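The values are calculated or read from the model by the stated rules, or taken from the named source; none is laboratory data. Since this is a predicted model, take the numbers as computed values, not measurements. Ideal geometry is used to build each Cβ from the backbone, glycine not excepted, and the neighbour counts take in all protein chains shown. Calculation scope for accessible area: heavy atoms of the full protein, side chains included, ligands and nucleic acids excluded. Shrake-Rupley method; radii C 1.70, N 1.55, O 1.52, S 1.80 Å.
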Amino acid sequence: MLKFKRHLLLVSSFMIFNFFLFFIHPFFAYAKSISTPYGVLTDLGPKVRNISVNTSRAAMDKKGNCYLYMILHGTPTVLAVLDLNTGKVKKTFPLLDSTAAWAMDIDEGGVLWIGGTNKGSIYRFDPNMFSFKNFGNQLGGSKEVAIQDITHSNQKLFATTAYGANFFSFSKAKGKRVSGLSPLEPGKKFAKSIVYDQGSNTLFISLGAKVSRPIIFSPKSPV
């Protein structure tokens with residue numbers, strides 16, 4: 001049985017010290033020299049990759065193992081999987097085409113889904129198989145640059161975007177976007193939080209930038 005009070009203290013301590021212990025990575029192999037009239041300049045590359053936690057979620061796998069999933073801001077952004085029963089990081093996974101991510105949701109099977117920035121990639125981590133997959137750019141053909149939030153149904157993910165306040169659906173089985181990018185309202189820049197209510201087959205979406213307010217969307221058939 002997980003002792004929550006002890007682990008709350010443990011998780012807080014880990015988040016404070018994580019970049020000292022785990023995520024300062026020297027890149028000794030990276031070096032690029034440029035000759036100038038004033039001498040040779042050598043670019044030694046980045047020395048610190050991940051220094052802050054963007055967001056986190058806690059969940060169990062099918063065997064009852066408890067994990068904390070943390071998104072660590074950086075180049076690239078990293079998913080860190082912390083075992084709450086041992087207090088140790090089991091593994092880290094780079095989100096190679098994202099410099100930040102804050103869209104996270106956990107489906108009915110305990111699978112973690114992540115939406116990233118820059119290219120709007122979607123990632124999946126399955127704790128039952130301990131497998132990670134990058135499904136790549138889901139915002140191709142648009143000017144959108146970030147997935148703001150995601151929610152899940154049995155078959156699909158729904159995601160909101162910036163900077164055109166769009167939303168789209170993604171098929172879990174096909175591993176790709178299955179609907180176009182649908183603008184919610186002209187003049188808006190951010191489609192923010194999104195939640196799917198299975199009972200009423202309804203999406204609830206909040207809009208940001210200019211006056212924020214919610215929008216309700218009902219798909220034609222259950223998803």
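Right, Phe14: modelled with pLDDT under 90 and open to solvent by less than 60 Å² (accessible area, probe 1.4 Å) or not? Yes: the conditions hold for Phe14. Selection of region 63-105 for residues being surrounded by fewer than 18 Cβ atoms within 10 Å (Cβ to Cβ) and among the β-branched types (Val, Ile, Thr) yields Thr75, Thr86, Val89, Thr92, Thr99. If the condition is being at pLDDT below 90 and open to solvent by 70 Å² or more (accessible area, probe 1.4 Å), then region 200-217 contributes Lys210, Val211, Ser212, Arg213, Pro214, Ile216, Phe217. The single condition among (1) open to solvent by 10 Å² or more (accessible area, probe 1.4 Å); (2) under 11 Å from the mean Cα position of the chain (by Cα) that Asn137 does not meet is (2).
Of the strands (runs of 3 or more DSSP E) lying entirely inside region 52-136, those containing at least 3 residues that are more than 15 Å from Ala146 (Cβ to Cβ) and of a type outside the set (Gly, Ala, Ser) are 66-74, 77-83, 88-95, 121-126.
If you go through region 140-172 and keep only what is of a type in the set (D, E, K, R), modelled with pLDDT under 95 and either open to solvent by 40 Å² or more (accessible area, probe 1.4 Å) or in a strand (DSSP E or B) (or both), you end up with just Lys143.
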